[in-house]
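The values are calculated or read from the model by the stated rules, or taken from the named source; none is laboratory data. What you are looking at is a predicted structure, and each value in this text was computed from that prediction instead of being measured. Here the Cβ positions follow ideal geometry from the backbone for every residue, glycine too, while neighbour counts run over all protein chains shown. Heavy atoms of the whole protein, side chains included, go into the accessibility calculation; ligands, DNA and RNA do not. Shrake-Rupley method; radii C 1.70, N 1.55, O 1.52, S 1.80 Å.
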Amino acid sequence: MMKKSVHNIFVCLVILLISSFNNQETLKGTWKFQGGIYNGKKEGAPTEYTLQRKYNDQHFEAFAVEKGSKPLKYETGDYTLKGDTCIETETYSSQPSKLIGIPVPYLYSIRNDTLTLKATLPSGMRVEEYWKRAK
């Protein structure tokens with residue numbers, strides 16, 4: 001009887017431990033674009049304005065912010081995190097876009113305060129972007 005109780009407790013602890021690793025993070029917060037690599041070509045962040053993304057638990061909004069001006073929303077979308085993949089689906093773009101409604105899987109990682117997003121877009125373009133958490 002005692003062995004069975006110990007075994008059951010052990011099994012419950014293992015299940016709890018495993019399920020704790022499956023808790024998905026969110027990207028919740030504001031992130032500022034730091035630059036990226038596009039088809040192997042490194043590009044820095046713009047200097048005339050800042051690009052920001054604001055994430056909640058399931059959605060994001062992207063803004064271009066120029067000092068002294070109202071932020072300009074240029075993109076919105078939905079996202080889900082599954083393991084090391086962030087699946088983004090653009091729902092609005094201020095510019096013509098072929099990505100609206102198309103789920104794009106990004107390999108993502110967060111190290112320190114930097115979010116890295118890597119993907120091959122449906123157009124074939126390879127992207128790797130760096131976003132720093134805003135303080």
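Descriptive notes on the structure:
- Cβ separations smaller than 9 Å between residues 6+ apart or across chains give no pair from the stretch 67-84 residues that are in contact (Cβ under 8 Å) with a residue 60 or more places away in the chain to residues that are assigned to a loop (DSSP other than H, G, I, E, B) and open to solvent by 70 Å² or more (accessible area, probe 1.4 Å).
- Residue 92 vs. criteria touching a residue at least 12 places away in the same chain (Cβ under 8 Å), within 18 Å of the chain's Cα centre (by Cα) and farther than 20 Å from residue 128 by Cβ: yes
- Among (1) at pLDDT 95 or above; (2) open to solvent by 40 Å² or more (accessible area, probe 1.4 Å); (3) not aliphatic (A, V, I, L, M) - the single one residue 108 does not satisfy: (2)
- Residue in the stretch 99-115 that is aliphatic (A, V, I, L, M) and free of Cβ contacts under 8 Å to residues at least 12 places away in the same chain present: yes
- Yes/no for residue 122 being more than 21 Å from residue 46 (Cβ to Cβ), modelled with pLDDT of 95 or more, assigned to a strand (DSSP E or B) and open to solvent by 70 Å² or more (accessible area, probe 1.4 Å): no
- Taken as a whole, the structure leaves residue 117 outside the set of residues that are out of contact with any Phe, Trp or Tyr (no Cβ under 6 Å at 6 or more places or on another chain), surrounded by 12 or more Cβ atoms within 10 Å (Cβ to Cβ) and assigned to a strand (DSSP E or B).
- Filter result (surrounded by 17 or more Cβ atoms within 10 Å (Cβ to Cβ), within 22 Å of residue 26 (Cα to Cα) and either out of contact with any Ser or Thr (no Cβ under 8 Å at 6 or more places or on another chain) or among the small types (Gly, Ala, Ser) (or both)) within the stretch 54-105: 62, 63, 77, 88
- Some residue of the stretch 19-39 being open to solvent by 80 Å² or more (accessible area, probe 1.4 Å), under 16 Å from the mean Cα position of the chain (by Cα), over 19 Å from residue 133 (Cβ atoms) and modelled with pLDDT under 50: yes
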